[in-house]
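The next block holds one structure in the form of structure tokens; read it before the comments.
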Amino acid sequence: MLDFVVIFTKGGVVLWNSNASGSSFASCINSLIRGVILEERNTEAKYFEEDHLAVQFKLDNELDLVYAAVFQKVIKLSYLDGFLTEMQLAFKEKFGSIPSAERLSEEYDFDREYRRVLSAAEQESAKQVKAPKTMRSFNESQKSKKTVASMLQDDKKPVEKRVNIQESPPAPSSASPSSSPRSKDDIIAESRRKMREKLGSSKKTSPVDIKPTKAAASEKAGKKPRVWDLGGSSKDAVLLDRSKDAPEDVQYQNINSDLVGTMQGVIPDLDVESEDEADYQAESSGDEEAEQLVQSKTNKRSGGGLLSYFKGIVGAKTMTLADLQPALEKMRDHLISKNVASEIAVKLCDSVATSLEGKQMGTFDSIASQVKEALTQSLVRILSPKRRIDIIRDALESKRNGRPYTIIFCGVNGVGKSTNLAKICFWLIENDFNVLIAACDTFRAGAVEQLRTHTRHLNALHPAAKHDGRTMVQLYEKGYGKDAAGIAMEAIKFANDTRVDVVLVDTAGRMQDNEPLMRSLSKLIKVNNPDLVLFVGEALVGNEAVDQLVKFNQSLADFSSNENPHIIDGIVLTKFDTIDDKVGAAISMTYITGQPIVFVGTGQTYADLKAINVNAVVNSLMK
């Protein structure tokens, strides 16, 4: 049973809904718009769940509409796909064109068509449901028809004799009756007689078995020359016969190579995207010669002629999946070469195909330009933060409330957690916050000494004399082999007592598959309840970024006893200066978690910490 059905634009304007009092389902529809449609995650499933409700939806790219049906999650409705398709056709048939800005405020009376389509879908689904097969009774079975007499063995029926393995079974002979006993010599003599008869019959040949000789076979199998109805003389046939060497008197005509031309070099590979992009640039440049060249190319591809010329000028083409597939495959390979995880590249291209399929392409647009534009918009939306992370503002708010602002850093081994923690610490000091660093990496040798060195250097750069006698950086350490969650708790309590503004908690690096260490990290976050959990990842990874983030998030959720566990809030992307234009890890990490990249680590000094430039990253990916 459907609870709520709604038709709305991709911009969020509701055109029609089945229930006027559908405010209880508004949050579910809004979550669908924010989490799926705006982020273009349409290809993962045309199905969305929130709490006890589920939404199945269908996109109409031609009219930019969304058809959605809300129902209880425990109910499985098999007819929803067909119902949404029929509702889309009925809505198009009644209202036709794309709703303009003036028509969005109109009331769309679609109740009667909705009830008709829903009733037809339910009836069709009821026909397909087969009634459960009833079991036969005993009287209807074959076993009930058997009698006791049929089960007993008939004495008159001959009983099959067992054959002795050592001796051959006695064969009946016309000379002696079958009942008389036969000796072994008689059996051997009978067998020899049969063998002689068999050998004698094989030597005789029938007239049918006589095969023709090789010479006769070759004469019979030889191919006879074909005689044409309007054929010429035998001399012409000789000239046309290419199976033998040509006679000396045959003259061949020399071909003019200037007219035909010669082929030099290699045949270039088929390039789907470059040719379309060149056409698009030539058409948009306004150059007459370029436009003529583009038009000649178009005529060659479409077969030429005056009709094909008007076909290229007049009318817009509806893009199909077959038209988009070559450009999408080339774009997918391009994204993978830019270090985007292969799984994410496939999902991005599938999402672009879903958003473009069925749309009208402009007269002077090309498939490659449409795919590139749609993918660029999708990448910008993915990298743009879905929520605000303003550490300076949040730290000031915590300072006014009289408590320290806590950030926990986590990640795998060797990505640069301690180094980038020191860079963020320097940035906070530059904004006049005093910081306490909690050395909770009690496993790696030299981890505490590394933080101690950073603390000494940072205090040298910002001595207490320049900040009214305040020590800007302090280190809270308890050595090695201790409980990291307990050290972090003591550090936060010490910061609260000494009026420290920000606490930065350094944790040990751990692989995402190490369950004991992941349980320890989940315990550290649960006990201390930080304001921000940052995952530190390096920009060098490709497919590994997906596995790391998925398993870190899953472990933090599974190993926490809280109803709403605290998972990763943001990402610090390190070693960004070592990858040139292969910046695909930023897309992979943001796509998986949906969380923003807060900082980008570059260079070797404390000041080499930057915020991500979304447009610059997207341009690097698309060039």
Using a 1.4 Å probe on the protein heavy atoms only, what accessible surface does ASP608 show? Give it in Å² to the nearest 10.
40
Taking the Cβ of GLY509 as the center, what net charge do the other residues with Cβ under 11 Å away carry, scoring Lys and Arg +1 and Asp and Glu -1?
+1
Using the C-alpha gyration tensor of the stretch 418-532, what are the square roots of 5 times its eigenvalues, in whole angstrom, with the largest one first?
26, 15, 12
Pair ARG193, ASN139: separation of 7 Å Cα→Cβ label points (nm):
6.4
Taking just the alpha-carbon atoms of the stretch 563-605, what radius of gyration and Dmax come out, in angstrom?
12.4, 42
At R0 = 25 Å, how high is the FRET efficiency between GLN325 and GLU544 if r is their beta carbon distance? Nearest 0.05 is fine.
0.30
Distance in nm between label sites at GLU49 and GLU343, each 7 Å beyond Cα in the beta-carbon direction?
1.8
Would you mind computing, in nm to one decimal, how far apart the modelled labels at GLN123 and ASN564 are, each placed 7 Å from Cα along Cα→Cβ?
4.8
Order by protection proxy (mean Cβ within 10 Å, highest first), peptides 477-487, 567-577, 137-147
567-577, 477-487, 137-147
For a quick check: with amide H placed at 1.01 Å from N, whose amide H comes under 5 Å from TYR405's, ignoring anything fewer than 5 positions away on the same chain?
VAL502, VAL503
Let's test the formula: R0 of 35 Å, r as the Cβ-Cβ distance of LYS76 and LYS399. What FRET efficiency results, to the nearest 0.05?
0.10
Which parts of the stretch 461-503 would a label at ASP432 reach, counting a residue when its backbone N lies under 20 Å from a point 7 Å out along Cα-to-Cβ?
461-474, 499-503
Radius 11 Å from Cβ of ALA69, net charge of other residues (Lys, Arg +1; Asp, Glu -1):
0
Only loop residues by DSSP count here, and only those with at most 14 other Cβ atoms within 10 Å; note down the chymotrypsin sites (Phe, Trp or Tyr not before Pro) in the stretch 403-453 that meet that.
none
Surrounding net charge for GLY82, when Lys and Arg each add one and Asp and Glu each subtract one, Cβ distance under 11 Å
-3
If only Cα atoms are counted, what is the Rg of the stretch 369-456, and what is its Dmax, in Å?
18.2, 55
Given a 1.4 angstrom probe, what's the average accessible area per residue across the stretch 402-506, in square angstrom?
41
Förster radius 51 Å - calculated FRET efficiency between ASP333 and MET489, Cβ distance, rounded to 0.05:
0.55
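The values are calculated or read from the model by the stated rules, or taken from the named source; none is laboratory data. Values in this document were obtained by computation on a predicted structure and should not be read as measured data. Using ideal geometry, Cβ is built from the backbone for each residue, glycine included, and neighbour counts are taken over all protein chains shown. Ligands, DNA and RNA are excluded from the accessible area calculation, which covers all protein heavy atoms including side chains. Shrake-Rupley method; radii C 1.70, N 1.55, O 1.52, S 1.80 Å.
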